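Worksheet: one structure, shown below.
The values are calculated or read from the model by the stated rules, or taken from the named source; none is laboratory data. Nothing here was measured: the structure is a model prediction, and the numbers come from that model. Here the Cβ is made from the backbone with ideal geometry for all residues, glycine too, and neighbour counts use every protein chain on show.
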């Protein structure tokens with residue numbers, strides 16, 4: 001298990017470095033990174049609820065899950081950048097936020113955002129709305145493809161059944177939360193942490 005933990009840590013660090021070079025900042029990789037624990041929690045919770053142990057094949061499923069969730073986050077963040085037509089989130093009015101608003105959605109702010117802020121936030125919401133269907137369809141098709149394996153249909157399927165179950169649990173939990181948490185964290189961090 002220690003070897004799996006070291007391999008997972010190395011993979012996460014390598015992913016962060018690649019994403020940082022892709023987005024040319026540390027904010028977006030950090031936001032995508034935060035979606036990984038949510039998916040892993042979903043996988044572990046699903047295994048716990050159905051009474052399956054965390055086996056080696058289940059750990060391999062968690063590795064697969066990390067790659068899928070990161071891919072969803074990259075697609076969503078990249079589309080957010082494209083849909084805002086190059087307008088960076090850093091142009092939002094920083095006077096309307098404080099450190100207390102770090103992880104608070106914009107509709108809970110005490111001070112009203114400016115017109116420019118509202119337009120940019122609407123564009124981000126529209127980008128997320130347009131990517132919601134592809135991300136959910138990808139998750140659903142992957143889950144459906146894992147169902148026969150999780151039901152242990154066929155000879156030898158019982159060996160790989162924990163892999164399928166961990167992927168199913170993580171995708172059901174992680175894909176939905178990615179659509180909500182990624183844009184909120186991305187905008188909130190950019191408005192409160194200037195060096196991001």
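Some observations on this one:
- Check on residue 117, under 20 Å from residue 32 (Cβ atoms) and at pLDDT below 85: no
- Region 34-61, residues that are touching a residue at least 60 places away in the same chain (Cβ under 8 Å), more than 20 Å from residue 11 (Cβ to Cβ) and outside any helix (DSSP H, G or I): 52, 53
- Qualifying residue in region 54-65 (condition: out of contact with any strand residue (DSSP E or B) (no Cβ under 8 Å at 6 or more places or on another chain), surrounded by fewer than 15 Cβ atoms within 10 Å (Cβ to Cβ) and more than 19 Å from residue 143 (Cβ to Cβ)): yes
- Pairs with Cβ under 8 Å, 6+ apart, first in region 3-22 and surrounded by 14 or more Cβ atoms within 10 Å (Cβ to Cβ), second not in a helix (DSSP H, G or I): 20/26
- Among the residues examined, residue 42 qualifies as out of contact with any strand residue (DSSP E or B) (no Cβ under 6 Å at 6 or more places or on another chain) and modelled with pLDDT of 80 or more.
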